[in-house]
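All remarks here apply to the structure that follows.
The values are calculated or read from the model by the stated rules, or taken from the named source; none is laboratory data. From a predicted model like this one, the values you see are computed outputs, not experimental measurements. Counting neighbours? That spans all protein chains shown, and the Cβs are built from the backbone with ideal geometry, glycine included. Just so you know, the surface numbers come from the protein's heavy atoms only, side chains and all, with ligands and any DNA or RNA stripped out. Shrake-Rupley method; radii C 1.70, N 1.55, O 1.52, S 1.80 Å.
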Amino acid sequence: MVPEKLKLESSWRRWRMTAEDYLEECRPGMKKLLKDIRKLKDVVTESDAGNFWPQKEELYRFLRLYTGDHLNRLLESITDDNGFEAWRKLDIQCEPSVGVREGHVMSSFVGLVGTRSKSYKETRQLLVEFEQRARRVEEVTGAPVDVRTALS
């Protein structure tokens with residue numbers, strides 16, 4: 001159940017879910033705290049982390065071990081080995097690029113609506129393209145395409 005090493009920002013959401021589940025198994029209540037920390041705008045302090053504050057260095061070491069070179073450089077900027085602040089900064093760094101990628105994939109999927117076919121053969125090709133793009137959406141977002149969206 002230990003997460004793989006996070007090498008690319010594009011894998012952030014899938015890795016984050018695995019890491020949160022792993023950390024929850026190690027320290028019950030940690031998953032909810034990490035979700036709350038992602039919403040913070042300022043540096044994470046002891047009052048933000050509550051009873052989990054003593055685990056800040058343990059979380060920092062975990063993040064150093066399970067992130068790749070590029071993201072590891074981001075962690076080097078964290079003072080006092082504050083793993084909670086490292087978590088917040090990783091989310092700030094990775095989340096926007098993932099959101100843009102998801103938007104692009106959804107746009108490509110929905111863009112098929114304007115494509116018309118002139119023959120039975122073209123219709124079959126469009127249906128294959130539809131299925132491929134739907135699988136791509138599920139791969140990137142981690143969730144299948146909504147039924148209403150697919151029907152449109």
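For the reader, a short list of remarks on this structure follows.
- Residue in segment 39-55 that is within 25 Å of T141 (Cβ to Cβ) and either in a helix (DSSP H, G or I) or among the aromatic types (F, W, Y) (or both) present: no
- Here L74 clears all of (1) open to solvent by 70 Å² or more (accessible area, probe 1.4 Å); (2) not in a loop (DSSP other than H, G, I, E, B) except the condition numbered (1).
- Every pair of residues 6+ apart whose Cβ atoms lie under 9 Å, when the first sits in segment 21-34 and is in contact (Cβ under 8 Å) with a residue 60 or more places away in the chain while the second is of a type in the set (F, W, Y) and open to solvent by 80 Å² or more (accessible area, probe 1.4 Å): none
- Residue check, L63 crowded, with 18+ Cβ neighbours inside 10 Å, closer than 19 Å to L8 by Cβ and touching a helix residue (DSSP H, G or I) at 6+ places or on another chain (Cβ under 6 Å): yes
- Yes/no for F84 being within 20 Å of R38 (Cα to Cα), crowded, with 17+ Cβ neighbours inside 10 Å and among the aromatic types (F, W, Y): yes
- Qualifying residue in segment 135-142 (condition: surrounded by 10 or more Cβ atoms within 10 Å (Cβ to Cβ) and over 17 Å from the mean Cα position of the chain (by Cα)): yes
- Scanning segment 1-12 for residues that are buried (at least 18 other Cβ atoms within 10 Å of the Cβ) and in a helix (DSSP H, G or I) gives E9, W12.
- Residue match in segment 61-70 (condition: outside any helix (DSSP H, G or I), at pLDDT 90 or above and of a type in the set (D, E, K, R)): no
- Filter result (closer than 20 Å to R14 by Cα and in a helix (DSSP H, G or I)) within segment 132-144: R133, A134, R135, R136, V137, E138, E139, V140, T141
- Tallying residues that are open to solvent by 90 Å² or more (accessible area, probe 1.4 Å), part of a helix (DSSP H, G or I) and modelled with pLDDT of 85 or more within segment 99-131 yields 6.
- Residue check for D91: surrounded by 12 or more Cβ atoms within 10 Å (Cβ to Cβ), modelled with pLDDT of 85 or more, over 26 Å from P144 (Cα atoms) and among the acidic types (D, E): no
- Of all the residues in segment 21-60, those that are open to solvent by less than 30 Å² (accessible area, probe 1.4 Å) and among the aromatic types (F, W, Y) number 1.
- Meets criteria (open to solvent by 30 Å² or more (accessible area, probe 1.4 Å), among the hydroxyl-bearing types (S, T, Y) and under 23 Å from the mean Cα position of the chain (by Cα)) for S152: no
- Inter-residue pairs, beta-carbon under 6 Å, first touching a residue at least 12 places away in the same chain (Cβ under 8 Å) and in segment 109-126, second charged (D, E, K, R), 6+ apart: F109/R133
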